[in-house]
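The values are calculated or read from the model by the stated rules, or taken from the named source; none is laboratory data. Only a predicted model underlies this, so the values are computations on that prediction, with no experimental measurement involved. Here the Cβ positions follow ideal geometry from the backbone for every residue, glycine too, while neighbour counts run over all protein chains shown. Quick note on the areas: whole protein, heavy atoms, side chains included, nothing else; ligands and nucleic acids left out. Shrake-Rupley method; radii C 1.70, N 1.55, O 1.52, S 1.80 Å.
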Amino acid sequence: MLKSSMVYYLILTTIPVAIVSGFLIHWFTLREETNPHKRLDHSRGVYLGFSFQILLFAWLLFQLGHARFSYPLYAIGFSFLGDWFNLQFPIAKKQMEDPVLGGIFSFAIAQIFFLLSFWKLTSWNELYTGVLPYVVTGALLILPALVFYFRVYNPQRSKWVMISAFIYGLILCFFVSLCINAYFVFGGVWIYLAIGAGFFLLSDAVMGETTINGTRHPRWEFQVPWVTYLIAQSFLLVGFFLVSHTRHLA
């Protein structure tokens, strides 16, 4: 039993740390290139490779967790598809006027699978007792909507991109509120889901006011969303794995 726990511990820590560390090393090699789009041109294949590593990590955890881990694997699969669109490979640009729209749709489906994963582990009645959970959810739906209006919305961009991004943001924020409420209720390993969801929100917030808005292009336009995204995916996968095991054993 102890040996098995050590194997789980090594898998759950070493692989995510290796992925994020590899990204940071890659980011360091881009320090002299100040143009964000030239940085992306040099990095598309590398970033898709990191996304594929996260997908392999999800597949490995699925093999260890079996049916209880199927929905997180599907979520990462659609996230990988969303990454392919968001990286705007030339073939994607030939098929779609704005590949980012394909990325938004793919990540919306991924969030739905994250939600399904979450509701396999708990229920509404367990989470929403008292006023605080409703306050958390309400705040995480209203505040990001205001941020979207003031920092993301751009009437010059496609209305479909703007509408889709807003709806996706609401889905994501609802998921984040669930993870935070779950940690307040259960504590323990649920902290991994809360941290992962928080980093996911940070990643998409930065991408929203740069790439989605389309008028702001800081030199870190793609690197900050990507490193926070890799951290988010890692924490979510570890969190779903640990919570599913603790709930199964309880």
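So the values come out like this:
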quantity	calculated
In segment 115-140, residue surrounded by the most Cβ atoms within 10 Å (Cβ to Cβ) [restricted to those that are among the polar types (S, T, N, Q) and closer than 23 Å to residue 235 by Cβ]	117
Condition met for residue 112 (open to solvent by less than 30 Å² (accessible area, probe 1.4 Å) and either over 30 Å from residue 189 (Cβ atoms) or part of a helix (DSSP H, G or I) (or both))	no
Check on residue 85, buried (at least 20 other Cβ atoms within 10 Å of the Cβ) and of a type in the set (A, V, I, L, M, F, W, C)	yes
Restricting segment 21-80 to residues that are hydroxyl-bearing (Ser, Thr, Tyr) and open to solvent by 30 Å² or more (accessible area, probe 1.4 Å), the residue that is farthest from residue 11 (Cα to Cα)	34
Extreme residue, modelled with the highest pLDDT, among residues of segment 67-97 that are outside any helix (DSSP H, G or I) and within 19 Å of residue 45 (Cα to Cα)	87
Total residues in segment 122-136, condition aliphatic (A, V, I, L, M) and assigned to a loop (DSSP other than H, G, I, E, B)	1
Residues of segment 161-203 classified as in a helix (DSSP H, G or I) and open to solvent by less than 40 Å² (accessible area, probe 1.4 Å), total	23
Filter result for residue 139 (within 28 Å of residue 77 (Cα to Cα) and in a helix (DSSP H, G or I))	no
